[in-house]
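For reference, the structure discussed in these notes is given below.
Coordinate-derived values only; no laboratory data. Every value quoted in this text rests on a predicted model; they were computed, and no experiment measured them. Counting neighbours? That spans all protein chains shown, and the Cβs are built from the backbone with ideal geometry, glycine included.
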Amino acid sequence: MKDILTAPFVKEMKNTTANMYRLGWDERNGGNISYMLDESEVAEYLDLSQVIRTIPTGFDAKPLIGKIFIVTGTGKYFKNVQDDPENNLGIIRIAADGTTAELLWGYKDGGKFTSELPAHLMSHMARLKVDPENRVVMHSHPTNTLAMNFVHELDEKKLTHTLWEMCTECIVVFPDGVGVLPWMLCGNNQIGQATAKKMEEFRLVIWGMHGIYGAGKTMDETFGLIETVEKAAQIYMLTAHMPRINTIKDSEMMELAEAFGVEYRKDFLDL
Ligand code: 13P
Ligand code: ZN
């Protein structure tokens, strides 16, 4: 059996959480990541018949029975993952009842998965229906995205349009736009269900005045989605209080989307 600390998926979790921390997106225990793994890949590092303990999830994830995820721990700091992955991360498998997580590795100090597991697993279920290759769900509190939530209308069309206007490549990176939820209590099944509903349509969902969710096939794709929104939000926050002299026109955004061959939300442009 190979050493789990050398597994590429553990390295990806370490590098991503470290990057997110250094970008200032994930203060204290802010943010969480879940990453669906191939059983055969995990079996190179762990004996899959050895369950350390079982942890109830409090919701039904039947479509994910048998699926294995590496997930950040609740209350754990992204800044600490790199030096101590076994305490700050865990590998769980959804048990045959669909409502229990079997711990295969990690959460060494007796901890458990993120309090946002409902939003993560429900989003995985929603995205897998749209894209069978979806693997990653990521939640974060990026500074400018959050700042923008306080000064911009929380409307899907208006927010997406503003973000698209801020960087030439935005419409190419997230042509499907950004879904928006109002402020809601976090860490429960209700916000999980609301997030998953949005994930049927969007790979990015803003949690009003809280943060953002992204979903994608790979860690890079998912990180890149959030990073691009955050960059656009930063440009907005740097310029919103100044007179706008120039802008990328809707006709130009359409030209971009068509040149790059992406399916975009035409109803989010005013053509
Ligand atoms: P956890 O520490 O439970 O992952 O929660 C962090 C967070 O961002 C809540 O939305
Ligand atoms: Zn959060």
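If I model a spin label at L154 and T99 as a point 7 Å from the Cα along the Cα→Cβ vector, what separation in nanometres do I get?
3.1
Please work out the C-alpha center-to-center distance from region 20-55 to region 148-204 and express it in whole Å.
What the calculation gives is 25 Å, centre to centre.
Mind checking region 159-252 for trypsin sites (Lys or Arg not before Pro) that DSSP puts in a loop (not H, G, I, E or B) and that have at most 16 other Cβ atoms within 10 Å?
Values: sites: K197, K198, R203, K217, K231, R244, K249; in loops: R203, K217, R244, K249.
Sparse-neighbourhood loop trypsin sites (Lys or Arg not before Pro): K217, R244, K249.
Are there trypsin sites (Lys or Arg not before Pro) in region 1-95 that DSSP puts in a loop and that have at most 14 other Cβ atoms within 10 Å, and which ones?
Values: sites: K2, K11, K14, R22, R28, R53, K67, K76, K79, R93; in loops: K2, R28, K67, K76.
Of the trypsin sites (Lys or Arg not before Pro), the ones in loops of region 1-95 whose Cβ has at most 14 other Cβ atoms within 10 Å are K2, R28.
What number, in percent, do you get for the relative contact order of the chain if the mean sequence gap of Cα pairs under 8 Å and at least 6 apart is divided by its residue count?
The normalised contact order for the chain reaches 19 percent.
Cα-Cα over 26 Å: which of K217/K249; K67/K266; K11/K76; K67/K217?
Exceeds cut-off: K217/K249; K67/K266.
I'd like the orientation of helix 8-22 relative to the chain: the angle between its Cα long axis and the longest Cα principal axis, in ° from 0 to 90, rounded to 10.
50
So what's region 189-232 giving for Cα Rg divided by 2.2 N^0.38 Å, two decimals?
Against the empirical 2.2 N^0.38 Å value, I get 1.15 for region 189-232.
Give the average over all directions of the projected area of the C-alpha convex hull of region 89-205, one decimal, in nm². Mind dumping the intermediate values first?
On the way: hull surface 35.2 nm².
The Cα convex hull of region 89-205, projected and averaged over all directions, gives 8.8 nm².
Going by alpha carbons, how many degrees (0 to 90, nearest 10) lie between the helix axis of 156-166 and the longest principal axis of the chain?
70
State the antiparallel share, in %, of DSSP beta bridges confined to the chain, rounding to the nearest 5.
Approximately 90 percent, going by the DSSP bridge assignments.
Using only Cα atoms and rounding to the nearest 10 degrees, what angle (0 to 90) does helix 219-239 make with the longest principal axis of the chain?
Compared with the principal axis, the helix lies near 40 degrees.
Percent of alpha carbon pairs in region 34-112 separated by more than 22 Å?
Of all Cα-Cα distances in region 34-112, 19 percent exceed 22 Å.
How long are the three semi-axes of the equivalent ellipsoid for region 169-271, computed from the Cα gyration tensor as the root of 5 times each eigenvalue, in whole Å, largest first?
Ellipsoid half-lengths, sorted descending, are 25, 18, 13 Å.
How would region 55-153 be classified by its alpha-carbon gyration tensor: rounded, prolate or oblate, with rounded meaning a/c under 1.5 and the a/b versus b/c comparison settling the rest? Walk me through the numbers on the way to the answer.
Details: a/c = 2.13, a/b = 1.20, b/c = 1.77.
Oblate, since a/c reaches 1.5 and b/c is not below a/b.
Within 10 Å of each candidate Cβ there may be at most 12 other Cβ atoms; applying that plus a DSSP loop requirement, which chymotrypsin sites (Phe, Trp or Tyr not before Pro) in region 174-226 survive? Mind dumping the intermediate values first?
On the way: sites: W183, F202, W207, Y213, F223; in loops: W183, F202.
Sparse-neighbourhood loop chymotrypsin sites (Phe, Trp or Tyr not before Pro): W183.
Take every Cα-Cα distance within the chain, group them into 10 Å bins from 0 onward, and report for each bin the whole-number percent of pairs it holds.
Cα pair-distance distribution for the chain, in percent: 7, 30, 34, 19, 8, 2, 0.
Let me have the 222 nm mean residue ellipticity of the chain computed from DSSP H runs of 4+ only, each contributing -39500 (n - 2.57), with the sum over all residues rounded to the nearest 500.
When only DSSP H runs of four or more count, the value is -11500 deg cm²/dmol.
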